[in-house]
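The values are calculated or read from the model by the stated rules, or taken from the named source; none is laboratory data. None of these values were measured; they are calculated from a predicted model. Don't worry about glycine lacking a Cβ; one is built from the backbone with ideal geometry, like all the others, and counts go over all protein chains shown. Note: accessible area is taken over every heavy atom of the protein model, side chains too, but ligands, DNA and RNA are not part of it. Shrake-Rupley method; radii C 1.70, N 1.55, O 1.52, S 1.80 Å.
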Amino acid sequence: MEYESQNWIWDGLYYCPRLFGGLMLTVALLGLSTTYFGGIGLFPLPYVWLDSGVFHKKSEKKRIRVYMDGCFDLMHYGHANALRQAKVLGDELVVGVVSDEEIIANKGPPVLPMEERLALVSGLKWVDQVIANAPYAITEQFMNSLFNEHKIDYIIHGDDPCLLPDGSDAYALAKKAGRYKQIKRTEGVSSTDIVGRILSSLKDTEGGGDNTRTLSNGDLGEKHQSQRGQISQFLPTSQRIVQFSNGKGPAPNARVVYIDGAFDLFHAGHVEILKKAKQLGDFLLVGIHTDHIVREHRGVPYPVMHVHERSLSVLACRFVDEVIIGAPWEITKDMITTFNISIVVRGTVAESNTLLPGETDPYAVPKRMGIFRFLESPKSLTTSSVAQRIVANHEAYMKRNAKKTESEKKYYEEKTYVAGE
């Protein structure tokens, strides 16, 4: 027996501890030398210990890989918070981005194409890997691919139902396999909600012309408030901000890069310019302008997202280290000194480069100090262009409905009523 053949080791340790200890030390020294006995074949001490069972190599803990998918159209802080929660349930987060074709078949045409949605998801700080063109429904074949090829341990989804056109649960197979976990949906925002904000604001401004800048600050604020009404239900808390924050300041000699803006309807163009800005230093500080400043310079219906919503979207970006919530329009010497800013940058693509009457250049101070720099924007995408896509999609939808025959409308209404029951 192997156990009995090693009894002499323990007997030696018990009866002659000094002699046995010296013997083992000698074996260790000789075993570690590769030249002393040439080819005699003495084995090194680690193998003696392993063979005797005195020491065992500690096995590495298996890293848990979790998977979450989605359309991620009009990426917002609700999407980001869902992926943050998913990451908490594992060590590595793999995200599937549903293809344009699958979205069209199940929900209608997306506002953002696959390329832009991939850039947004890849830019989130909690995402480790992205799978492009994922299916809308978790089929058995795709689920096996997740488990076997991508080594996924659990499939994650929010507590809101996800139904296929036939009414079945899109995650039924994952639940049946016992590999499904659920997270809490972030209340107060959705892609549908954002579309509604834009369409509602544009509807209210129809016939008003582009004269919002001629209104006084008070009138403009009241008009904007009446348009938005109670659409935004987001209630900011310090806990949510902490959850999204890195929680680290710049190192003593860090090169701090500063960029500011509205960052409304956070899109792929924002991600790319933030990535480019971060490459210029060690710490990226982003200034988020107040709702009043954005409204004053861009007019109604902007901003679509209020300052705390916009701040969370920016904080979720992996290239951002810190944000200033409600940053001033003008960058002052005191501000540069307080935050130890080394360089101030701005992208070449912006919603508006014009100043209000009597307004000075907000970048005058960093320009005089020689620390201002324009960055070539990697994308021409803007918040306005995204809003225009939303309007175009809505108009196309209305035209399709208008072409339906009365019988088709009646059939659709009856079908919807039955589904509602």
Every listed condition ((1) modelled with pLDDT under 95; (2) open to solvent by less than 30 Å² (accessible area, probe 1.4 Å); (3) among the β-branched types (Val, Ile, Thr)) holds for Ile104 save (2)
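In the range 343-351, is there at least one residue being closer than 23 Å to Phe234 by Cβ and more than 22 Å from the chain's Cα centre (by Cα)?
yes
So which of Glu330, Glu351 is open to solvent by 60 Å² or more (accessible area, probe 1.4 Å) and not in a helix (DSSP H, G or I)? Steps first, answer last, please.
Numbers: Glu351 fails: open to solvent by 60 Å² or more (accessible area, probe 1.4 Å).
Matching residue, one of Glu330, Glu351: Glu330.
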Exercise. Right, Thr337: open to solvent by 20 Å² or more (accessible area, probe 1.4 Å) and touching a residue at least 12 places away in the same chain (Cβ under 8 Å) or not?
Worked result: no
Just one listed residue, out of Leu83, Leu74, Leu120, is open to solvent by less than 20 Å² (accessible area, probe 1.4 Å) and assigned to a loop (DSSP other than H, G, I, E, B), and it is Leu74
Pairing a residue in the range 250-277 that is farther than 23 Å from Gln388 by Cα with any residue that is among the aromatic types (Phe, Trp, Tyr) and in a strand (DSSP E or B), where Cβ atoms lie under 8 Å and the two sit 6 or more apart in sequence or on different chains, gives Pro250/Phe283; Ala251/Phe283; Ala254/Phe283; Arg255/Phe283; Val256/Phe283; Val257/Phe283
Being among the polar types (S, T, N, Q), at pLDDT 95 or above and not in a loop (DSSP other than H, G, I, E, B), is that true of even one residue in the range 302-316? yes
| said: If I filter the range 47-66 for residues that are hydrophobic (A, V, I, L, M, F, W, C), outside any helix (DSSP H, G or I) and at pLDDT 80 or above, do I get at least one hit? | reply: yes
Subset of the range 132-153, residues assigned to a strand (DSSP E or B) and buried (at least 16 other Cβ atoms within 10 Å of the Cβ), comes to Ala134
(Q) For the range 96-107, check the following and say yes or no: at least one residue is assigned to a strand (DSSP E or B) and aliphatic (A, V, I, L, M). (A) yes
Across the range 165-204, the tally of residues that are open to solvent by less than 80 Å² (accessible area, probe 1.4 Å), basic (Lys, Arg) and farther than 21 Å from Leu89 by Cα stands at 1
Scanning the range 294-324 for residues that are open to solvent by less than 10 Å² (accessible area, probe 1.4 Å) and either without any contact (Cβ under 8 Å) to a residue 24 or more places away in the chain or in contact with a Gly (Cβ under 7 Å, 6 or more places away or on another chain) (or both) gives Cys317
Notebook entry, point to check: For the range 253-265, does any single residue satisfy the condition of being farther than 20 Å from Ala82 by Cα, surrounded by fewer than 21 Cβ atoms within 10 Å (Cβ to Cβ) and modelled with pLDDT of 95 or more?
Noted result: yes
Given the condition among the small types (Gly, Ala, Ser), under 16 Å from Phe147 (Cβ atoms) and in contact (Cβ under 8 Å) with a residue 12 or more places away in the chain, answer yes or no: does some residue in the range 96-104 qualify? yes
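Ser122 - would you say it is closer than 30 Å to His394 by Cβ and at pLDDT 95 or above?
Numbers: closer than 30 Å to His394 by Cβ: yes; at pLDDT 95 or above: yes.
Considered against the rule, which asks whether it is closer than 30 Å to His394 by Cβ and at pLDDT 95 or above, Ser122 comes out as yes.
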Of the residues in the range 116-147, those that are touching a strand residue (DSSP E or B) at 6+ places or on another chain (Cβ under 9 Å) and among the β-branched types (Val, Ile, Thr) come to Val121, Val127, Val130, Ile131, Ile138
